[in-house]
1. Which strands (runs of 3 or more DSSP E) sit wholly inside the stretch 164-251 and have at least 2 residues that are under 17 Å from the mean Cα position of the chain (by Cα)?
2. Mind listing whichever residues of the stretch 1-11 are open to solvent by 30 Å² or more (accessible area, probe 1.4 Å) and either outside the structural domain of Ala31 (by the TED database) or farther than 16 Å from Gly54 by Cα (or both)?
3. Report whether or not Ile7 is out of contact with any strand residue (DSSP E or B) (no Cβ under 9 Å at 6 or more places or on another chain) and either modelled with pLDDT of 85 or more or among the polar types (S, T, N, Q) (or both).
Amino acid sequence: MKEYRNIIEIDRERCNGCGQCVLDCAEGAIAIIDGKATVVSDSYCDGLGACLSGCPQNALAIVRREAVPFDEEAAMRHVARQKEERRQQLFQPLGKHEPHGTLGCGCSGATVQEFAPRKRQESKAAGPVGERRQTWPVKLRLVPPSAPFLKGADILLAADCSAPASARFCEIASGKVVLIACPKFEDNQEMRARLVALFTEARPASVTVLRMEVPCCRGIAAVCHEAAEECGISVRELVMGRNGELCQMKD
C-alpha cells in the first residue's frame, strides 16, 4: 500500500553518471544504469537525503510523493545480496583445466601475464619514452587480486580516458603496474569491492590514482580512497586536464 512520503528524485538530464550518489546511499537504492543514476526501488529509499550533498551536478532532490513505504529490512537484504554477488565475482575459483592466472570465463585473452621490460627508446619529437611494467590484463575488473605482478607493486589506477588524452601517460606510469577503470560506465560498488580485495591480498608498495578533471571522473578517486582507507593504505591523487597536462596533485 502506497503512502505520501519524502523520497529521492533524480534529474536524468543533469546527471552525468559519476556514481557518487551510489556510494553515498547506504541502502543501495541507487544504481548506475545506462550511464545514469537510477532509483532501483522506492522501498529501498529512506528519503533522508544522505546522497544529496555529494552530487556535483545538483541532480538529486527530495520530493514528497506517493510511494511504497521504506522497507529497511528489504533494503539491507538487497545490500547484502549485492555484497555477496560481488564477493563471488571477485573470488570465483579458476576452472579445473585452466592455467594458473586465467580468469574463470575461459577466455585465453584474459590470462595474467607480465612481460619483460623493453629497452628505453628515444624519440626526436617527444624525447625519452617512459617505461612501465608491462602486465596483462590492464582492466581493473579483469585483474584477479591474486595476480603475481600485483604483490608489493607500485600501482597506478588510471581513468580510461587518461592514456589517450596525454602524451605524458607513459611518463606518469613509469615503473608502475597500470590498472584502468571508468567510474561513469562501471559499477562503483563493484569497483570498490575489487580494490579492497586487491589491496588486502597484494599489499602494494604504493597506490596512485589518476583521474580526469571532468566531474564524472571524481568517482574513481573517491572509490580508490575509500578502499585504501579500509585497508590502511595511503593514496596519491593526480588530476589530468582535458589538454593532457597534470593540473593537480594530492597526497
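The values are calculated or read from the model by the stated rules, or taken from the named source; none is laboratory data. From a predicted model like this one, the values you see are computed outputs, not experimental measurements. With ideal geometry, Cβ positions are generated from the backbone for all residues, glycine too; neighbour counts draw on all protein chains shown. These accessible areas exclude ligands, DNA and RNA; they are computed on the full protein's heavy atoms, side chains included. Shrake-Rupley method; radii C 1.70, N 1.55, O 1.52, S 1.80 Å.
1. Working: elements: 177-181, 206-212, 236-240, 246-250.
Correct list: 177-181, 206-212, 236-240.
2. Met1, Lys2, Glu3, Tyr4, Asn6, listed by residue number.
3. Values: out of contact with any strand residue (DSSP E or B) (no Cβ under 9 Å at 6 or more places or on another chain): no; either modelled with pLDDT of 85 or more or among the polar types (S, T, N, Q) (or both): yes.
No.
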